[in-house]
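In what follows, a single structure is set out as structure tokens and then discussed.
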Amino acid sequence: MLTNILRPILNRSFKPFEFIKCEDNNSFEPINLNNKDNLGLYIHIPFCKSICPFCPYNKIIYDEKLAYEYKEALLKEIKMSNTRYGKEDITSLYFGGGTPALLIDYLEEIIEKVKENFNLKGSLAIELHPSNITLELLKKLKALGFNMISVGIQSFNETCLNNLGRKSNNESEKIKLIKEVGFETIDVDLIFGIPNQTIKELKEDVKTAFDLGATQISTYPFIDFSYAKNERKPLSAKEKKEMLFELIKVSKEIGLTRTSVWTFAKPNTEKYSSITRENFIGLGPGAASLFDDKFRLNTFSVEEYTKAINKKEFPCALVLDFTKFSRKSYWLFWNVYNMSLDKEAYEKMFSGNMKKDYYLELGIAKLMGLLKENEKGYMVTTKGSYYFHGVEQIYTLQYIDKTWGIARENPWPDKIKLY
Ligand SMILES: C[S@@+](CC[C@H](N)C(=O)[O-])C[C@H]1O[C@@H](n2cnc3c(N)ncnc32)[C@H](O)[C@@H]1O
Ligand code: SF4
């Protein structure tokens with residue numbers, strides 16, 4: 001397996017990654033964050049009206065009582081976080097899910113609580129399901145200060161949607177409405193490699209998104225998670241690679257900038273991205289936090305989450321302690337995803353020299369034409385992005401599928417080893 005080869009090289013260790021139980025959930029001792037630059041806040045809303053068969057994310061069917069109890073617990077978690085982190089500057093607040101719009105009546109209260117406990121300085125962003133989108137909802141979001149919207153369109157093509165197991169929700173009209181109400185960033189999520197999808201249909205999806213007013217598309221290769229309920233399987237790796245090639249071509253034709261391996265945007269627009277940053281705090285069931293050398297994962301169970309908070313305990317289920325080198329490699333992974341490796345940013349983050357630390361890896365990648373050196377550091381070439389795309393899909397199935405698969409079955413696992 002590729003991860004078995006790459007892991008020891010990039011981490012300078014044969015040990016697997018190991019998530020262990022969080023043992024400090026009773027502790028309200030302040031945690032001094034070493035690196036507070038660009039600290040993001042993510043809030044997970046784990047409810048959906050119906051469950052899409054392809055979806056791997058942590059969610060349950062919406063229930064009014066459960067949602068109310070969850071909101072009350074979330075307000076407490078926000079306050080508890082303040083005792084740990086202090087009133088830090090937050091450069092963005094993202095609501096993801098699940099379907100955050102189902103809690104529209106609570107969002108104002110939640111945002112107020114965030115503002116009481118953190119200095120919210122940047123963007124306010126939310127993920128929407130097309131069926132949520134109405135003029136009334138969008139106006140409320142705008143009044144609350146949201147400037148970034150991401151819509152899970154998946155495809156504008158009805159047959160493709162049906163092949164994913166989703167019904168059409170008047171997708172085009174919904175994007176037009178978002179444009180009319182006016183938001184700075186409009187991200188459209190598209191899945192490619194859907195059973196029977198053709199390259200022509202994919203290209204039409206991309207063009208339609210921008211014709212209707214998208215400022216960015218996030219293009220996800222369809223991944224068949226082991227616990228998903230997909231009736232039909234994704235197209236092959238080879239077909240997905242051809243589709244990616246066409247995606248790159250069509251995005252060039254319409255003048256888009258490639259902002260990461262999976263995203264293409266109109267030039268000079270703010271990027272929608274909740275996880276590709278050095279540090280983030282995640283709140284809610286299944287949310288992850290990353291700061292300094294710790295990656296934490298909250299319990300996936302909504303009931304257990306609420307119970308823990310009501311006992312005045314943090315809801316963290318698992319923690320992964322990065323070694324010095326694995327933290328650097330994690331940084332490298334996400335920066336390759338963002339298509340550039342900035343030597344100054346690396347130096348600031350790790351007080352080290354990227355070229356020295358990864359002399360061999362960077363040298364080989366350059367020789368293979370995967371990276372190009374420039375005055376800032378390195379940029380990922382189109383060839384490099386194909387390789388990364390393949391690696392990312394393998395990591396998703398090997399690491400994320402395994403971790404989430406266990407965490408959704410067991411709210412408090414003892415440990416998870418990733419090889
Ligand atoms: C957290 S989901 C939320 C989407 C939103 N709740 C909705 O349903 O429209 C973010 C995005 O991940 C992508 N995604 C979900 N399941 C996927 C899968 N199995 N393979 C690839 N991408 C997937 C979809 O594009 C989706 O919009
Ligand atoms: S894709 Fe969106 S609406 Fe569907 S189950 Fe996942 S989070 Fe819920």
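The values are calculated or read from the model by the stated rules, or taken from the named source; none is laboratory data. Because the structure is a prediction, the values reported are computed rather than measured. Positions of Cβ are generated from backbone atoms using ideal geometry, with glycine treated the same way; all protein chains shown enter the neighbour counts.
Test K140 against the stated conditions and say whether it is in a loop (DSSP other than H, G, I, E, B) and of a type in the set (K, R).
no
Do we have Y358 as hydroxyl-bearing (S, T, Y), over 27 Å from K271 (Cα atoms) and crowded, with 17+ Cβ neighbours inside 10 Å here?
So Y358 passes the test.
Go through L41, L33, L107, L66 for me and flag whichever is touching a helix residue (DSSP H, G or I) at 6+ places or on another chain (Cβ under 8 Å), at negative phi, within 16 Å of ligand 1 (Cβ to nearest atom) and not small (G, A, S).
Checking each option against the conditions leaves just L107.
Mind checking which pairs have a first residue in the stretch 343-363 that is free of Cβ contacts under 8 Å to residues at least 24 places away in the same chain and a second that is aliphatic (A, V, I, L, M) and surrounded by fewer than 17 Cβ atoms within 10 Å (Cβ to Cβ), Cβ under 9 Å, 6 or more apart or different chains?
L360/I9
I309: among the β-branched types (V, I, T), buried (at least 20 other Cβ atoms within 10 Å of the Cβ) and either out of contact with any strand residue (DSSP E or B) (no Cβ under 7 Å at 6 or more places or on another chain) or over 30 Å from P411 (Cα atoms) (or both), yes or no?
In short, yes.
If I filter the stretch 334-344 for residues that are aliphatic (A, V, I, L, M), surrounded by 16 or more Cβ atoms within 10 Å (Cβ to Cβ) and at pLDDT 95 or above, do I get at least one hit?
So far as the stretch 334-344 goes, yes, one or more of its residues are aliphatic (A, V, I, L, M), surrounded by 16 or more Cβ atoms within 10 Å (Cβ to Cβ) and at pLDDT 95 or above.
Quick check, is F54 within 13 Å of ligand 2 (Cβ to nearest atom), under 19 Å from F300 (Cβ atoms) and not in a loop (DSSP other than H, G, I, E, B)?
Spelling it out, it is not the case that F54 is within 13 Å of ligand 2 (Cβ to nearest atom), under 19 Å from F300 (Cβ atoms) and not in a loop (DSSP other than H, G, I, E, B).
For the stretch 17-42, give me each residue that is over 26 Å from I406 (Cα atoms), touching a residue at least 12 places away in the same chain (Cβ under 8 Å) and assigned to a loop (DSSP other than H, G, I, E, B).
F28, E29, P30, I31, L33, N34, N35, K36, D37, N38
Residues of the stretch 283-312 being of a type in the set (F, W, Y), over 17 Å from Y399 (Cα atoms) and modelled with pLDDT of 95 or more, which ones?
Y305
Out of curiosity, is F54 farther than 12 Å from G284 by Cα, within 16 Å of ligand 1 (Cβ to nearest atom), crowded, with 19+ Cβ neighbours inside 10 Å and modelled with pLDDT of 95 or more?
In short, yes.
Given (1) part of a helix (DSSP H, G or I); (2) within 16 Å of ligand 2 (Cβ to nearest atom); (3) surrounded by fewer than 17 Cβ atoms within 10 Å (Cβ to Cβ), identify the lone condition not met by K65.
(2)
Counting only residues that are within 16 Å of ligand 2 (Cβ to nearest atom), give me the strands (runs of 3 or more DSSP E) lying completely in the stretch 181-280 with at least 1 of them.
Strands (runs of 3 or more DSSP E) meeting the threshold: 185-192, 216-221.
Are any of the residues in the stretch 78-89 more than 16 Å from ligand 2 (Cβ to nearest atom), in a strand (DSSP E or B) and modelled with pLDDT under 95?
Within the stretch 78-89, one or more residues are more than 16 Å from ligand 2 (Cβ to nearest atom), in a strand (DSSP E or B) and modelled with pLDDT under 95.
So K76 passes all but one of these: (1) of a type outside the set (D, E); (2) farther than 20 Å from I110 by Cα; (3) surrounded by fewer than 19 Cβ atoms within 10 Å (Cβ to Cβ). Which condition number does it fail?
K76 satisfies all of (1) of a type outside the set (D, E); (2) farther than 20 Å from I110 by Cα; (3) surrounded by fewer than 19 Cβ atoms within 10 Å (Cβ to Cβ) except (2).
Hey, among K140, K176, which residue is more than 16 Å from ligand 1 (Cβ to nearest atom), closer than 24 Å to L74 by Cβ and without any contact (Cβ under 8 Å) to a residue 60 or more places away in the chain?
From the options K140, K176, the qualifying one is K140.
Name the residue, out of K59, K36, that is of a type in the set (K, R), out of contact with any Lys or Arg (no Cβ under 8 Å at 6 or more places or on another chain) and away from ligand 2 (no atom under 16 Å from the Cβ).
Matching residue, one of K59, K36: K36.
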